[in-house]
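Before any comments, here is the structure.
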Amino acid sequence: MNIARNLIVAVLMTIVTTVLLGVIYPLAITGIAQVAFPDQANGQLIEQNGKVVGSRLIGQGFSSPGYFRPRPSAAGMGYDAANSAGSNLGPTNKKLIDTVTSNVEAARKENPGAPVPIDLVTASASGIDPHITPASADFQVPRVARERGLPEPDVRAIVAANTEGRQLGFFGEPRVNVLELNLALDGRHPTKK
């Protein structure tokens, strides 16, 4: 008789905890997030002219030379949030060494003589980092200015205006969101079609 009773209690506890922790708790947290932080809860999407152009949280590729480029991506086919991950290659792995060497050579052709920032040639741990360092943005200024026919100081001013400081003044490092930087650049100096 105790076995049957224990079995019923176990089954009921499983049902109760599943409903409580698998349905009610997630719905409550989602509701709180939607009320308290709606922008963050919905992916911090960026819209232009009523159309979603990206997210502040997920990097995306820019191949045109008139745009700032993000870090390389190791996520799926590139900036694929469904396959967010680093390459998991160790520092002595030949594939990683060859990839970084190739990226450095390409960057040096773009801006000869300038030191190449590490985040322009290596992927982040998530593979979809939307930010680059201010040094990486500065490295790309000559190319972007040349391609858009702008003076470099004008482009540097846009980079400076889009550089975020440390969070709360001491967490993290200064960074530049590539999508927001490119949108600001387009807003002030559209590319020539």
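The values are calculated or read from the model by the stated rules, or taken from the named source; none is laboratory data. What you see is a predicted model, and the numbers here were worked out from it, not measured in a lab. We place every Cβ from the backbone using ideal geometry, glycine too, and count neighbours over all the protein chains shown. Remember, those area values only see protein heavy atoms, side chains included, never the ligands or the DNA or RNA. Shrake-Rupley method; radii C 1.70, N 1.55, O 1.52, S 1.80 Å.
What per residue convex hull volume, in Å³, comes out for the chain when only alpha-carbon positions are used?
Enclosed volume per residue, from the Cα hull, is 209 Å³.
The stretch 1-86: which chymotrypsin sites (Phe, Trp or Tyr not before Pro) are DSSP loop and have at most 11 other beta-carbon atoms within 10 angstrom?
none
Given springs between every Cα pair under 10 Å in a Gaussian network model of the chain, which of GLN167, GLN60, GLN40 has the largest fluctuation?
Among GLN167, GLN60, GLN40, the largest mean-square fluctuation in the Gaussian network model of the chain belongs to GLN167.
Shape call for the stretch 107-193 from the C-alpha gyration tensor, a ≥ b ≥ c root eigenvalues: rounded (a/c under 1.5), prolate (a/b greater than b/c) or oblate?
Judged from the Cα gyration tensor, the stretch 107-193 comes out oblate (a/c at least 1.5, b/c at or above a/b).
Please give the per residue accessible area of the stretch 72-174, computed with a probe of 1.4 Å over protein heavy atoms only, in Å².
57 Å²
Once amide H atoms are placed 1.01 Å from N in the peptide plane, what residues at a sequence separation of 5 or more from VAL53, or on another chain, have their amide H within under 5 Å of its amide H?
The list, which skips near neighbours in sequence, is ILE46, GLU47, GLN48.
Provide the per-residue ³J(HN,Hα) series for the stretch 171-181, in order, calculated from phi with Karplus coefficients 6.51, -1.76, 1.60 and θ = phi - 60°, each as a whole number of Hz, with x at glycine and proline positions.
My calculation for the stretch 171-181 gives 8, x, 10, x, 8, 10, 7, 5, 4, 5, 4 Hz in order.
For the stretch 10-56, what ratio Rg/Rh do Cα atoms give with a Kirkwood hydrodynamic radius?
My calculation puts Rg/Rh at 1.30.
Hey, any idea what % of the chain's accessible area is carbon plus sulfur with a 1.4 Å probe?
Ligands and nucleic acids excluded, carbon and sulfur give 62 percent.
Could you pull the accessible area for SER64 with a 1.4 Å probe, rounded to 10 Å²?
50 Å²
Measuring from centroid to centroid over Cα atoms, what is the spacing of the stretch 88-149 and the stretch 1-45 in Å?
44 Å
Pulled fully out, how much extra length does the chain show between GLU173 and ASN6, if you take 0.36 nm times their separation in residues and subtract their Cα-Cα distance?
54.6 nm
For LEU89 and THR17, what does the FRET efficiency come to when R0 = 41 Å and r is the distance between their Cβ atoms, rounded to the nearest 0.05?
My answer for the efficiency is 0.50.
Hey, what do the phi angles of the stretch 42-48 turn into as Karplus ³J(HN,Hα) couplings, whole Hz, using 6.51/-1.76/1.60 and θ = phi - 60°, x for Gly and Pro?
The phi angles translate into 9, x, 6, 6, 10, 10, 9 Hz.
Let me confirm the definition first: pairs of Lys residues in the chain, 8 or more apart or on different chains, C-alpha distance under 29 Å. How many are there?
For the chain, the number of qualifying lysine pairs is 6.
Stretched out fully, how many nm does the piece from ILE97 to GLU110 gain, at 0.36 nm a residue minus the Cα gap?
Result for the pair: 2.7 nm of gain on full extension.
What FRET efficiency, computed as 1/(1 + (r/R0)^6) with R0 = 22 Å and r the Cβ-Cβ distance, is obtained for GLU152 and ASP186, rounded to the nearest 0.05?
About 0.80, to the nearest 0.05.
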